[in-house]
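Before anything else, here's the structure in question.
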Amino acid sequence: MLLNSVVIILREVLEAALLISLFLIFSHLLNISRSWLIRGVVLGMCSALIYAYHTEPISQWLDGAGQELTNAALELCVAVLLLVFNTRIIFHRQGAKKNPALTYSLLMFCVILVITREGSEMLLYLYGFTYVPRQFELALIGSVIGAGIGLSISIILYYLLGNLPTSLLAPTGVVIMTLISGGMVSQATKEFIQADILPSQQPLWDSSSWLAEDSVTGQLLYALIGYEATPGLIQVLFYSSSLIIMALVVTVVLWRGNATDSQKKC
Amino acid sequence: MNLIIKSLPDDLLKKAFRTALVGVSLALLLLITATVNAETQVMELEIKNHLFNPAELVIPANTKIKLLIYNRDPSPEEFESYELNREKIIIGNSKGFIFIGPLAPGEYPFFGEFHIQTALGKVIVR
């Protein structure tokens, strides 16, 4: 009982916590105030509460596909925001002064969206135990431990990445954020398949014997790069297209930056 | 020369974006019309006292199934399966559905994430 809570909450917390530690590193690099964290978390918890409270009517939307489409929309928004954030990091590296207020709200909205989805699930999980008082306490203790482990892992990531030299940090961050946004797109694709908006297919491969999705490493890779043991063709296609789009955008931004640089020199 | 370089990506980007948008929407439309035409079999699954009933769901191979899940408990449950790649919250005393299949013959375990000790089951594809 206690252990289950640890695992469930760890899974939910991990994704948001990893993203937040990356954002913290980069807001330091981009000289942006870190107060988006508090605002994002508080507003995110509020909207998670609203989402959790209205899960039933939301599920009934659009002929019963409301939950899938809402989650997919949240995931796709995060993917797009990460794409924009990546271009901000590159602009900054090129020395261009881009609106810091926009980057600030971008980070805040990203945190709100991620916490809305993960937080509502946690709240519903805990709410289920209010029917059995003694278990609720155990579930709560387990949740605190799970959240603690999730936060610890993200703190480790924070210091690991934070100690990289600045020249390495930006490319590493861009790559990790690209992979996370690919994972978001892959999750959204899964929602569309579940709601039968995209067709379900036989898995393209099965790597579950090699690395199970429910193992600790599997969960960590799921949060970081959207690892799936048995993905379908569409999921793989959408995942890789999102990576290609991100790579294209990054290339264009870099290319134009260089063109402007050489123009200035002339 | 630099002016040309600078103006090129903008045009290219717009064109590429437009083509990509048309391509993606066409592909989605094709996929949606293809799935709408298929006749879908409906099967039911019940959650009661944090147990799945039936705990073993036998479905035919290579067939799409609409799985209606009733949660008869007051507490919420999350239907989840790594093998099926499915995850859906069903609030207490309500119902929801997910689509599964077409699947290859085999066993696909699923569980209720919120009551993982008791809420266990599997889809058997024959």
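Take A:LYS97 and B:ALA55, extend 7 Å from each Cα along the Cα→Cβ direction, and tell me the distance between the two endpoints in nm.
6.8 nm
I've got another one for you. Net charge around B:ARG126, counting only other residues with Cβ within less than 13 Å of its Cβ (Lys, Arg = +1; Asp, Glu = -1)?
-1
Please identify the helices of chain A, taking whole runs of DSSP H, that span at least 20 Å along their own axis as judged from the Cα atoms and have a mean Kyte-Doolittle score of -1.0 or higher.
Membrane-span-like by this rule: A:2-29, A:36-53, A:66-93, A:100-128, A:133-162, A:166-194, A:233-265.
Which of B:VAL58, A:VAL175 has the fewest other C-beta atoms within 10 Å, and how do the rest follow up to the most?
By the 10 Å Cβ count, ascending, the order reads B:VAL58, A:VAL175.
Can you give me the convex hull volume of the Cα atoms of segment A:29-103, divided per residue and expressed in Å³?
Taking the convex hull of the Cα positions in segment A:29-103, it is 90 Å³ per residue.
Of A:THR172, A:THR70, how do they rank once you tally other Cβ atoms within 10 Å and put the fewest first?
Final ranking by Cβ density, sparse to dense: A:THR172, A:THR70.
Can you pull the Rg over Rh of the protein assembly as shown, Cα-only, Kirkwood?
Computed over Cα atoms, the ratio is 1.00.
How big is the Kirkwood radius of segment B:41-125, worked out from every pair of different alpha carbons and given in Å to one decimal?
It works out to 12.5 Å.
Would you count, across the protein assembly as shown, every pair of lysines whose alpha carbons are under 14 angstrom apart, provided the pair is eight or more residues apart or spans two chains?
6
When Cβ neighbours within 10 Å are restricted to other protein chains, what is their mean count per residue of peptide A:188-200?
That average works out to 5.
Continuing with this model, one more query. Rounded to the nearest 500 deg cm²/dmol, what is the calculated helix-only ellipticity per residue at 222 nm for chain A, with -39500 (n - 2.57) per DSSP H run of length n ≥ 4?
-28500 deg cm²/dmol
While we're here: Pull up all non-local amide H partners of A:ALA212: gap of 5 or more, or a different chain, and H-to-H distance under 5 Å with H placed in the peptide plane.
Under 5 Å from the amide H of A:ALA212 lies no amide H from a residue far enough along the sequence or on another chain.
Read the figures in this text as sums done on the coordinates, not as results from a lab. Computed from a prediction, not measured in an experiment: that's the story for all the values here. All Cβ positions, even for glycine, are placed from backbone atoms using ideal geometry, and neighbour counts span all protein chains on display.
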